[in-house]
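Everything on this sheet refers to the single structure shown next.
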Amino acid sequence: METLLCSPVARGDIVLGKFMMVLTGSVAAMAMSLVSLALTAAVAGVLLPGGEATAGAEVGGGALPTIDPLGLLGVVAMVLPAAVFFSAVIFTVALFAKSYKEAQSYVAPMMIVVILPAVVGMLPGIDLNLRLALVPILNLSLVCKEMLSGVWNWHYIGLIMGSTCVYAAGALALAVRMFKRESVMFRM
């Protein structure tokens with residue numbers, strides 16, 4: 001860190017470089033998850049009775065849900081600003097750590113903060129509305145559930161995309177502001 005701070009590079013540029021590294025890891029993990037999901041679906045399609053999984057087919061007495069292929073692209077588009085938001089939040093939280101291990105212990109509880117709203121969004125009876133469209137992660141969970149089923153509420157999609165971008169910009173601005181504080185950088 002000392003070498004970076006002694007270089008003639010603005011602190012904002014250092015923050016953006018470090019942030020882009022975190023974001024690259026987040027987007028790579030998302031891409032690998034999607035590839036894994038696609039491969040799992042392809043293998044499951046071959047291994048299911050009848051040789052091919054078809055949307056709406058009867059399996060075990062119930063119909064498989066139909067997934068809108070365009071919904072998958074919509075999910076990717078909605079997850080990108082959320083990845084920016086969480087990369088900035090993780091980066092900001094990790095700034096306070098003195099070591100990698102300490103940073104991991106600071107960031108680990110964020111998994112619960114992310115998982116709980118996502119699970120709530122998958123519960124039956126929880127539908128997307130104006131208030132829930134502004135709650136991070138819960139809004140993403142609800143809109144992705146709708147897009148995958150072929151329901152496109154464009155006003156909610158726009159509101160969620162916009163609010164997530166605002167949250168991401170705020171988190172990135174906070175990261176830059178915290179990085180410029182000497183007390184944070186040198187643990188005073």
Review point. Using the Karplus equation 6.51 cos²θ - 1.76 cosθ + 1.60 (θ = phi - 60°), what ³J(HN,Hα) coupling, rounded to whole Hz, does each residue of the range 13-24 give in order, writing x for Gly and Pro?
Key: 5, 5, 4, 5, x, 5, 4, 4, 5, 5, 5, 4
Exercise for review: Kindly put Ile160, Ile112 in sequence by how many other C-beta atoms sit within 10 Å of each C-beta, fewest to most.
Suggested key: Ile112, Ile160
Check your understanding: In the range 10-185, what is the count of Lys pairs whose alpha carbons are under 28 Å apart, counting only pairs at least 8 residues apart or on separate chains?
Key -> 5
Check your understanding: Please state the relative contact order of the range 10-185 as a whole percent: Cα pairs under 8 Å, 6+ residues apart?
Key -> 30
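Values quoted throughout were computed directly from the atomic coordinates according to the rules given, and no laboratory measurement underlies them. As the structure is a computational prediction, the values presented were derived from the model and not from experiment. Glycine gets a Cβ as well: all are built from the backbone with ideal geometry, and neighbour counts include every protein chain shown.
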